[in-house]
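What follows is a set of notes on a single structure, which appears directly below.
The values are calculated or read from the model by the stated rules, or taken from the named source; none is laboratory data. Every value quoted in this text rests on a predicted model; they were computed, and no experiment measured them. All Cβ positions, even for glycine, are placed from backbone atoms using ideal geometry, and neighbour counts span all protein chains on display. Accessible surface areas use protein heavy atoms only, side chains included; no ligands, DNA or RNA. Shrake-Rupley method; radii C 1.70, N 1.55, O 1.52, S 1.80 Å.
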Amino acid sequence: MAKILLVSQRLTPTAIRLATSLHEQQHQVTMITSSEEDAVLPAAVVMMRPFKNWTVRECLRLTPLIYMMGPQIVHLVLEEDRMSPAEVFLSLLAKTLPGCILTTSLLHIRQGLRKRNPVRYLLQESDVVTCASVDSLGALRGLNVRSRRQGRGLLPPVLDFQEDKEGNAKTAQGAELQKGLRKKPYVVLPFLEGEFRPTHPFFRRLRLLAAHRHVVLLGSFAAWPLRERKRFQAWMDTQGVGGNWTLSGELSTGDQQRLLADTEALILAGLSLSPLETTEYFLRAIRAGANLVIDDRQSMIHSDLWRHGESCWILKFDNVPSALEKLLSEGPLRKLQTLPESLSLHRDLVDGPLNELNRLYNKALSHKHNL
């Protein structure tokens, strides 16, 4: 059993599951997060919410308490490759604590690990590093790691199968959307674009999809000015697919589930999504029993779930347009194998990476004690 100080700016399902699992493995867990964050955790997990802006000044007030606590492991969970001043301070503090190992879980590499990025130096100084996918682990090559014994492993975002509080709530907007799609084969494409760029791969992919199926864009135009919306509609008209798309708007969880339950497929392949975003879409599709079309990079996240032609379709990332064209030209997509409802009970899927993390902890602690 080890004393673990877990640091996470947000109480994501991954952070919550990590704290819970470490407690179940008999570790003594203290969690530091933002002041407004809250979640249901085991009573024995100590929660500290000292941070509002994650500044060094806020962190300085914690320093005496952390020294008194004497953690053996300081574990930072980063949603992407950037750090607040408080996280930088805590990582430096961890290196001054006797017998303490520094662990970093990096869930997404967005900016890149350039020399001006402090996350690069955090990873170089860490005793244990986990990433969300094999692809992300590969990005660590070339770092000047201080410890030759640095442990590395996979810790993907957690698939949180707890029932959503909104349940199957219906809204008038969702009912109207479903009425308009009745008896109309359609695919669903997440819509996250902040502006209209006709040469951007997303819009070229949308044009391709709309030439074969009606496309429901899962999202809203809230951030777009009216002029951009008109440009987009005019462009779709000139492409000959002006009437072959629908914007979902903001939907309740229940409305989204019903939309996905009736779609031919949720198309994720080629989209630039973080592992957290990808996992969230995986979860929505699993709950709705929807077909998934993903690319080979996305399939590395929770890879045990995905088998091409069985539980999803997996397309080559560098060949998505032509692969989509071929897939949709073959006719209606058959219903693939639905992942079992008891998936949440498959402990190997949920706990396997966490057990591996525990092994890396023990190995690093053993090495530290033998110095």
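As a length-normalised measure over Cα pairs under 8 Å and 6 or more apart, the relative contact order of the chain settles at 14 percent.
Normalised by 2.2 N^0.38 Å, where N is the number of residues, the alpha-carbon radius of gyration of region 75-167 equals 1.17.
Axis angle, to the nearest 10 degrees, between helix 320-329 and the longest C-alpha principal axis of the chain: 40 degrees. With a Förster radius of 41 Å applied to the C-beta separation of Glu80 and Lys184, the computed FRET efficiency comes to 0.60. Taking θ as phi - 60° and the Karplus parameters 6.51, -1.76 and 1.60, the scalar couplings of region 246-257 work out to 9, 9, 6, x, 6, 10, 5, 4, x, 5, 4, 5 Hz in sequence order, x denoting glycine and proline. Modelled spin labels at Arg204 and Lys326, positioned 7 Å past Cα toward Cβ, are 1.8 nm from each other.
The label-point distance for Gln173 and Arg148, in a model that sets each label 7 Å from Cα toward Cβ, rounds to 5.9 nm.
Placing Glu228, Glu250 in order of accessible area, with the largest value first and a 1.4 Å probe, yields Glu250, Glu228.
What does the helix-only formula give at 222 nm for the chain: each DSSP H stretch with n ≥ 4 adding -39500 (n - 2.57), the total divided by the residues, and the result rounded to the nearest 500 deg cm²/dmol? So the calculated ellipticity at 222 nm is -11000 deg cm²/dmol. At full extension, Lys115 and Leu92 could sit 6.5 nm farther apart than now, given 0.36 nm per residue minus the alpha carbon distance. Across the alpha-carbon set of region 154-292, the Rg to Rh ratio works out to 0.96, Rh being the Kirkwood radius.
Send over the per residue convex hull volume for region 58-98, Cα only, as a whole number of Å³.
Working: hull volume 2.9 nm³, N = 41.
About 71 Å³ per residue, rounded to a whole number.
Have a look at the DSSP beta bridges in the chain and tell me what percent are antiparallel, nearest 5.
The antiparallel proportion sits near 0 percent.
Hey, which lysines would be in cross-link range of Lys183, C-alpha to C-alpha under 24 Å, not counting anything within fewer than 8 residues on its own chain? Answer for Lys183, where 24 Å is the Cα cut-off: Lys170, Lys326, Lys335, listed by chain and number.
Could you state the accessible area per residue of the chain in Å², with a 1.4 Å probe and every protein chain left in place? It would help to have the intermediate numbers written out before the result.
Numbers: 18430 Å² over 371 residues.
Value for the chain: 50 Å² per residue.
With all protein chains in place and a 1.4 Å probe, the accessible surface of the chain carries 50 percent carbon and sulfur. Dipole check for region 30-173: with +1 at the C-beta of Lys and Arg, -1 at the C-beta of Asp and Glu, and the Cα centre as origin, the magnitude is about 860 Debye. Here the Karplus curve 6.51 cos²θ - 1.76 cosθ + 1.60, taken at θ = phi - 60°, turns the phi angles of region 282-293 into couplings of 3, 4, 4, 5, 4, 4, 8, x, 8, 5, 10, 10 Hz, with x standing for Gly and Pro. Please work out the FRET efficiency for the pair Thr238 and Val134, using the Cβ-Cβ distance as r and a Förster radius of 45 Å; give the result to the nearest 0.05. So the FRET efficiency works out to roughly 0.60.
The charge dipole of the chain, taken about the Cα centre with unit charges on the Cβ atoms of Lys, Arg (+1) and Asp, Glu (-1), comes to about 920 debye, rounded to the nearest 20.
Give me the number: length gained by fully extending Glu277 to Asp318, i.e. 0.36 nm times residue separation minus the C-alpha to C-alpha distance, one decimal in nm.
On the way: separation 41, 0.36 × 41 = 14.76 nm, distance 2.04 nm.
Difference between extended and current length: 12.7 nm.
Here each label is just a point 7 Å from Cα along the line to Cβ, and for Ser220 and Asp262 those points are 2.2 nm apart.
Expressed as a fraction of 2.2 N^0.38 Å, the rule-of-thumb size for a compact globular protein of N residues, what is the C-alpha radius of gyration of region 214-297?
Ratio of Rg to 2.2 N^0.38 Å for region 214-297: 1.20.
For region 27-136, state which trypsin sites (Lys or Arg not before Pro) are in a DSSP loop and have at most 14 other beta carbons lying within 10 Å of their beta carbon.
For trypsin sites (Lys or Arg not before Pro) across region 27-136 that sit outside H, G, I, E and B with at most 14 neighbouring Cβ atoms in 10 Å, the list reads Lys52, Arg61, Arg82, Arg110, Arg114, Lys115, Arg116.
Normalised by 2.2 N^0.38 Å, where N is the number of residues, the alpha-carbon radius of gyration of the chain equals 1.09.
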